[in-house]
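*Asks:* Have a look at this one.
The values are calculated or read from the model by the stated rules, or taken from the named source; none is laboratory data. All values reported here derive from a predicted model rather than from experimental measurement. No Cβ is skipped: glycine too gets one built from the backbone with ideal geometry, and neighbour counts run over all protein chains shown. When the accessible area is computed, the model is the full protein with side chains, heavy atoms only, and any ligands, DNA or RNA have been set aside. Shrake-Rupley method; radii C 1.70, N 1.55, O 1.52, S 1.80 Å.
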Amino acid sequence: FGSPTRYLSYFNARLAPFGPTATDPTKMYYSYNLDSWHVVHLNAVCFYYTAGCNVALQESWFAADLAANPTQCTVVIMSSPRFSSGAIHGNNADMQNLWRIAHEGGVETILSGDDHIYERFAPMNASGVADPAFGVRQFVAGTGGYSLYPLRSPRSANSQFSNNENYGVIRLALHSGSYSWQFIPIGGGVLDSGTTACHGRPA
């Protein structure tokens with residue numbers, strides 16, 4: 001987020017409809033429903049940059065939010081990826097509890113940035129093991145315009161596609177019962193794409 005004060009000053013009017021946690025400088029996490037999807041924004045820098053942010057409180061809020069919104073399809077947005085093959089940041093164990101809660105709560109996919117690469121992972125369980133039935137698929141898309149980072153050898157056996165040569169954006173389309181993605185580099189074209197059905201919660 002950089003400076004929470006500047007962030008909230010700029011986005012306060014847009015965040016206010018999403019409830020008090022969205023505009024609280026010690027929290028800055030929130031959720032909402034979008035058609036048949038549930039969308040959750042987490043404060044991944046609660047660990048580092050957000051003064052007064054309680055890590056355990058955010059984790060409890062996240063678990064309760066997923067329990068209160070048992071939709072079939074859920075997407076989570078958090079800046080720091082749990083898994084990444086980027087050479088600057090790489091795997092971030094501080095995100096493990098959020099990843100575990102996401103898997104237990106039936107989350108379909110997590111969108112992250114931080115590492116300035118593009119990487120797509122196969123659906124994984126709470127331990128980072130491939131789980132095609134109920135796993136969480138993670139995308140790392142930090143290719144928005146700053147310098148691109150080097151890639152290491154894959155930091156997870158479930159890394160399916162990576163790129164650090166093209167600036168671009170990920171386009172995520174949320175359908176009823178499924179989602180599809182495209183990684184679109186500047187200049188056009190599509191470097192990575194696919195579709196996955198929603199799965200709901202593991203037993």
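*Asks:* Condition first: aliphatic (A, V, I, L, M) and either part of a loop (DSSP other than H, G, I, E, B) or touching a Gly at 6+ places or on another chain (Cβ under 6 Å) (or both). Now tell me which residues in segment 124-140 satisfy that.
*Replies:* Of everything in segment 124-140, those that are aliphatic (A, V, I, L, M) and either part of a loop (DSSP other than H, G, I, E, B) or touching a Gly at 6+ places or on another chain (Cβ under 6 Å) (or both) turn out to be 124, 126, 129, 133.
*Asks:* Identify all residues within segment 51-83 that are among the small types (Gly, Ala, Ser) and either touching a helix residue (DSSP H, G or I) at 6+ places or on another chain (Cβ under 7 Å) or more than 27 Å from residue 8 (Cβ to Cβ) (or both); write none if there are none.
*Replies:* 63, 67, 79, 80
*Asks:* Is segment 124-146 home to any residue that is open to solvent by less than 20 Å² (accessible area, probe 1.4 Å) and on the phi > 0 side of the Ramachandran plot?
*Replies:* yes
Here's the yes/no breakdown for (1) closer than 20 Å to residue 109 by Cα; (2) in contact (Cβ under 8 Å) with a residue 12 or more places away in the chain; (3) out of contact with any Gly (no Cβ under 6 Å at 6 or more places or on another chain):
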{"residue": "25", "(1), (2), (3)": "no, yes, yes"}
{"residue": "32", "(1), (2), (3)": "yes, yes, yes"}
{"residue": "43", "(1), (2), (3)": "yes, yes, yes"}
{"residue": "47", "(1), (2), (3)": "no, yes, yes"}
{"residue": "50", "(1), (2), (3)": "no, yes, yes"}
{"residue": "58", "(1), (2), (3)": "yes, yes, yes"}
{"residue": "68", "(1), (2), (3)": "yes, no, yes"}
{"residue": "82", "(1), (2), (3)": "yes, yes, yes"}
{"residue": "86", "(1), (2), (3)": "yes, yes, yes"}
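*Asks:* Just checking, does segment 59-73 include any residue being within 23 Å of residue 162 (Cα to Cα) and either open to solvent by less than 20 Å² (accessible area, probe 1.4 Å) or among the aliphatic types (A, V, I, L, M) (or both)?
*Replies:* So far as segment 59-73 goes, no, none of its residues is within 23 Å of residue 162 (Cα to Cα) and either open to solvent by less than 20 Å² (accessible area, probe 1.4 Å) or among the aliphatic types (A, V, I, L, M) (or both).
*Asks:* Is at least one residue of segment 82-98 of a type in the set (S, T, N, Q), more than 19 Å from residue 114 (Cβ to Cβ) and open to solvent by 20 Å² or more (accessible area, probe 1.4 Å)?
*Replies:* no
*Asks:* Something else about it: Name the residues in segment 162-196 that are touching a residue at least 24 places away in the same chain (Cβ under 8 Å), open to solvent by 50 Å² or more (accessible area, probe 1.4 Å) and either within 16 Å of the chain's Cα centre (by Cα) or over 13 Å from residue 143 (Cβ atoms) (or both), would you?
*Replies:* Within segment 162-196, 169, 174, 176 meet the criteria.
*Asks:* So, in segment 2-49, of the ones that are of a type in the set (Gly, Ala, Ser) and open to solvent by less than 80 Å² (accessible area, probe 1.4 Å), which residue ends up farthest from residue 73 (Cα to Cα)?
*Replies:* The selected residue is 3.
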